[in-house]
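The values are calculated or read from the model by the stated rules, or taken from the named source; none is laboratory data. These numbers were taken from a predicted model, which means no experiment stands behind them. When we count neighbours, we look across all protein chains shown, and the Cβ atoms used for this are built from the backbone with ideal geometry, even at glycine.
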């Protein structure tokens, strides 16, 4: 059900057991996971207690989107946030709620002295790729084949769960400019990886073709990352979504 004209969209931290339970229910509605694959209520409780984040978006008191992240520690001692899940009900998608949640995440992290948030996303989900790279300013330097194994979600189409790792360096000039909506010059592009715009249809009607495309995309990501490139942008055309890769620039924590 869409929001009425008089409803008020509110974003706030989740803090109660009923709110955590509602976030668990939303997972099932959004992704269609079987119960065994749902993030349980207790994980939301723990994340809230150990320095993670649990935020929800509410329309007139009804939760319509949520985010959960957990604290992480790099081998060099750098603290960061692993942004594990963000979901929005279908009727509320394409309304900017995901970006509201990510900006709330950024604000909270920076207030606590945390400069890096990471999360994974499916490289075949070109809408998410555009959002992560062009609307938030994340970069991608790592690729994980079949990270979660095959899942029960209809959104994954029975394919291996290959994942790009988005690194969101929260206070860099790049991110500050993109979040503020300012134009940003691109470095010289050294490689491109294209994903057909109708890949979602292929997952349902031509799974073998989708798997062939997935295999090719995986091989190209891994090869380019071995050669010192990183993803710094994304372009959309009616035919394809294209990852833009440039020489890697090391970030400083």
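The table below gives the values:
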item	result
Qualifying residue in the range 67-74 (condition: closer than 24 Å to residue 168 by Cα and assigned to a loop (DSSP other than H, G, I, E, B))	yes
All positions within the range 160-183 that are within 15 Å of the chain's Cα centre (by Cα) and either part of a loop (DSSP other than H, G, I, E, B) or farther than 19 Å from residue 245 by Cα (or both)	161, 162, 170
Close pairs from the range 83-105: first at positive phi, partner outside any helix (DSSP H, G or I) and at pLDDT below 95, Cβ under 7 Å, at least 6 apart	none
The range 213-253 - residue that is closer than 23 Å to residue 76 by Cβ and out of contact with any strand residue (DSSP E or B) (no Cβ under 8 Å at 6 or more places or on another chain) and, of those, modelled with the highest pLDDT	226
Any hit, the range 158-178, residues being modelled with pLDDT under 95, surrounded by fewer than 19 Cβ atoms within 10 Å (Cβ to Cβ), over 27 Å from residue 105 (Cα atoms) and out of contact with any helix residue (DSSP H, G or I) (no Cβ under 8 Å at 6 or more places or on another chain)	no
Flag if residue 225 is buried (at least 16 other Cβ atoms within 10 Å of the Cβ), within 20 Å of the chain's Cα centre (by Cα) and closer than 22 Å to residue 135 by Cβ	no
Filter pass, residue 230 being under 30 Å from residue 100 (Cα atoms) and crowded, with 17+ Cβ neighbours inside 10 Å	yes
Residue list for the range 77-108, restricted to those being in a strand (DSSP E or B) and more than 20 Å from residue 32 (Cβ to Cβ)	79, 80, 81, 82, 83
Out of 51, 137, sole residue that is in a loop (DSSP other than H, G, I, E, B), surrounded by fewer than 16 Cβ atoms within 10 Å (Cβ to Cβ), touching a strand residue (DSSP E or B) at 6+ places or on another chain (Cβ under 9 Å) and modelled with pLDDT of 95 or more	51
Options 240, 206, 210, 191; residue that is out of contact with any helix residue (DSSP H, G or I) (no Cβ under 6 Å at 6 or more places or on another chain), more than 16 Å from residue 132 (Cβ to Cβ), surrounded by 14 or more Cβ atoms within 10 Å (Cβ to Cβ) and in contact (Cβ under 8 Å) with a residue 40 or more places away in the chain	240
Options 44, 131, 20; residue that is within 29 Å of residue 186 (Cα to Cα) and not in a strand (DSSP E or B)	131
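Per-residue answers, yes or no, for (1) more than 21 Å from the chain's Cα centre (by Cα); (2) modelled with pLDDT of 95 or more; (3) surrounded by 15 or more Cβ atoms within 10 Å (Cβ to Cβ):
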site: 13; (1), (2), (3): no, yes, no
site: 21; (1), (2), (3): yes, yes, no
site: 32; (1), (2), (3): no, no, no
site: 44; (1), (2), (3): no, yes, yes
site: 59; (1), (2), (3): yes, yes, yes
site: 66; (1), (2), (3): no, yes, yes
site: 69; (1), (2), (3): no, yes, yes
